[in-house]
Amino acid sequence: MSPALTCRKLVTIICEAELETLLLPELARQGAHGYTLTEARGQGARGVRDGAWRASSNIRIEVLCGVGVAERLVEMLQTRFYADYGVVVFVVDVEVLRPGKF
């Protein structure tokens, strides 16, 4: 017997570390049940983000959620943060076990 998988959205946010305290409460307000946060390093349009000090650090936040929450998160990020901060967001379809958690 195969496990029952259910489709959800994985919203991945890569942004400046200084946004952590502003962004995390907003995730819950938009309906996210939880998140995973890790430090991130890389290079892109804003140069190298090597994490050597807080001002050059990025974080990666991942949220598993339903379509409605994903849409609200993307809209909130565009409206509140895109103009003034380095933010990358991508959304992919994923299949999860225990869909009630997300």
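The values are calculated or read from the model by the stated rules, or taken from the named source; none is laboratory data. All figures in this text were calculated on a predicted structure; none of them were measured in a lab. Every residue, glycine among them, receives a Cβ derived from its backbone with ideal geometry; neighbour counts consider all protein chains shown. Quick note on the areas: whole protein, heavy atoms, side chains included, nothing else; ligands and nucleic acids left out. Shrake-Rupley method; radii C 1.70, N 1.55, O 1.52, S 1.80 Å.
Which label belongs to the value computed from this structure, given these candidates for Rg and Dmax of the Cα atoms in Å: (1) 14.6, 50; (2) 16.3, 58; (3) 17.3, 65?
Looking at Rg and Dmax of the Cα atoms in Å for this model, the match is (1).
Just to confirm a number: summing +1 for Lys and Arg and -1 for Asp and Glu over residues other than THR12 whose beta-carbon lies under 12 angstrom from that of THR12, what do you get?
On the way: positive: LYS9, ARG60; negative: GLU62.
Within the 12 Å Cβ shell, the charges total +1.
Between helix 67-80 and the chain, what is the angle of the helix's C-alpha long axis to the longest principal axis, kept within 0 to 90° and rounded to the nearest 10?
Relative to the chain, helix 67-80 is tipped by roughly 10 degrees.
For the chain, report the accessible area per residue in Å² (1.4 Å probe, heavy atoms, rounded to an integer).
On the way: 6420 Å² over 102 residues.
In whole numbers, the chain has 63 Å² accessible per residue.
When the accessible area of the chain is computed with all protein chains present and a 1.4 Å probe, what percentage of it is carbon and sulfur? Present the calculation step by step, with values, prior to reporting the outcome.
Values: 3320 of 6420 Å².
Answer for the chain is 52 percent, counting heavy atoms of protein chains only.
How far is helix 20-29 tilted, in degrees, relative to the longest principal axis of the Cα atoms in the chain, given as a value from 0 to 90 rounded to the nearest 10?
Orientation of helix 20-29: about 30 degrees from the principal axis.
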